[in-house]
Amino acid sequence: MKKSFELKLNELSQLKKNWDSYNGDVIGTPALTVAMLILTSLEEVGISDPDIIPTSEGGVSLEWTRGNSSEFSIHIAANGLLSDIFAYSTSGTYEAHPNTEVEIETAPS
């Protein structure tokens, strides 16, 4: 049985050009692959259930929220590189790392 994030990523892989009626790009296979790697790894340590959102540039955004008090998001560009990492908390902690180009590599089999 497929996990909910696998079903959502599969759904995103089916989006066609202009899926958002604003000329949104097809979601890039590298973005979907990296999202799957991240979500699988996080699930293994008990972190799950993000909102999985397509971006109009062909990427994927993973977002976790806890009420109105905090948010953490990872934005994956269409080419599979991390384009933004964002953390917010009402305690005053705010971090944004725009255009953090971090390449995800898989461990050798």
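I want the local charge near Ser4. Using Cβ-Cβ distances under 15 Å, sum +1 for each Lys or Arg and -1 for each Asp or Glu among the other residues.
For residues surrounding Ser4, the net value is -3.
If R0 is 22 Å, the Cβ-Cβ spacing of Tyr88 and Ile53 corresponds to a FRET efficiency of close to 0.85. Contact order, relative form, for region 4-96: 22 percent (alpha carbon pairs under 8 Å, 6 or more residues apart, mean separation divided by residue count). In this rough spin-label picture, where each label sits 7 Å from Cα along the Cβ direction, the Val26-Ser69 distance is 4.4 nm. Listed values for region 68-74 are Karplus-derived 3J(HN,Hα) couplings in whole Hz (6.51 cos²θ - 1.76 cosθ + 1.60, θ = phi - 60°), namely 9, 9, 7, 8, 9, 9, 10, and x replaces Gly and Pro. Quick check: net charge around Asp20, other residues with Cβ under 15 Å of its Cβ, Lys/Arg +1 and Asp/Glu -1? Value of the local net charge: -1.
Panel note: the C-alpha atoms of region 46-95, placed on their principal axes, show extents of 34, 22, 20 Å (largest first). At the listed q of 0.14, 0.20, 0.25 Å⁻¹, the Debye profile of region 4-96, built from one uniform point per Cα, gives log10 I(q)/I(0) equal to -0.51, -0.95, -1.25.
Where a number appears in this text, it was derived from the coordinates with a stated rule and is not lab data. For clarity, every value in this text was computed on a predicted model and none was experimentally measured. Quick reminder, even Gly has a Cβ in these numbers, built from the backbone with ideal geometry, and neighbours come from all protein chains shown.
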